[in-house]
Structure formats: structure tokens, C-alpha cells
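The values are calculated or read from the model by the stated rules, or taken from the named source; none is laboratory data. Computed from a prediction, not measured in an experiment: that's the story for all the values here. Quick reminder, even Gly has a Cβ in these numbers, built from the backbone with ideal geometry, and neighbours come from all protein chains shown.
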Amino acid sequence: MFQISEGQYVGSISLLKPLDYEQRSGYSLVLKATDSASEPSARLTAVANVAVDVLDIQDQPPIFLNSPFSATVAEGTAPVSKNNTSVDMNKV
């Protein structure tokens, strides 16, 4: 719980530890603010929903299976360019 001074309508959400996309890709928070009126029945309340999407970053080094790789190319072979993704690798 924290207080916001009169005219100061800024709050912040902080993390206790880093978020990990592989563990959880998002969070949904419900924030509730209530004023401090002395009479409980006169207190005003507002609610805000906050969605936090965790971005996936490449935090693991690539792994090459079946290495070292080798190939034989005949002299005079035309150049070819092919980029494989993890989805493409299932087709190889």
C-alpha cells in the first residue's frame, strides 16, 4: 500500500525479480485506488486493469546438432543462398 499526495497522480509498478518469457509470457494486474475520506461509505474508488506482455529475447546460445558439418561442392557450382530457421530445420 502507498499514498499519493494531493495533485500527485503518478504511481509506478516495480519488479522484485526479472521476468522470464519461457516461464510466463504475460501478466494481468488489477489496480485499485481508494481515497482517504474519513467516512468509509463516502470513499471513492477507481479500478484499472494493466496487461504486461513479456517480450521473448534470445537468452540461450544456439545449439548445433551433428557438428562438425562438411560438404563437397563441385568446381564451378553456382552460388546458392539458404537461411534456415528452427521451423525449416524440421524439413531438412
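General observations
- Tally of residues being over 21 Å from Y21 (Cα atoms) and surrounded by 10 or more Cβ atoms within 10 Å (Cβ to Cβ) across the stretch 40-70: 2
- Y27 satisfies every condition listed in (1) exposed (fewer than 10 other Cβ atoms within 10 Å of the Cβ); (2) at pLDDT 90 or above except (1).
- Filter pass, G7 being modelled with pLDDT of 85 or more, part of a loop (DSSP other than H, G, I, E, B) and out of contact with any Leu (no Cβ under 8 Å at 6 or more places or on another chain): no
- All of A33, A37 fail the test of being assigned to a loop (DSSP other than H, G, I, E, B) and surrounded by 10 or more Cβ atoms within 10 Å (Cβ to Cβ), apart from A37.
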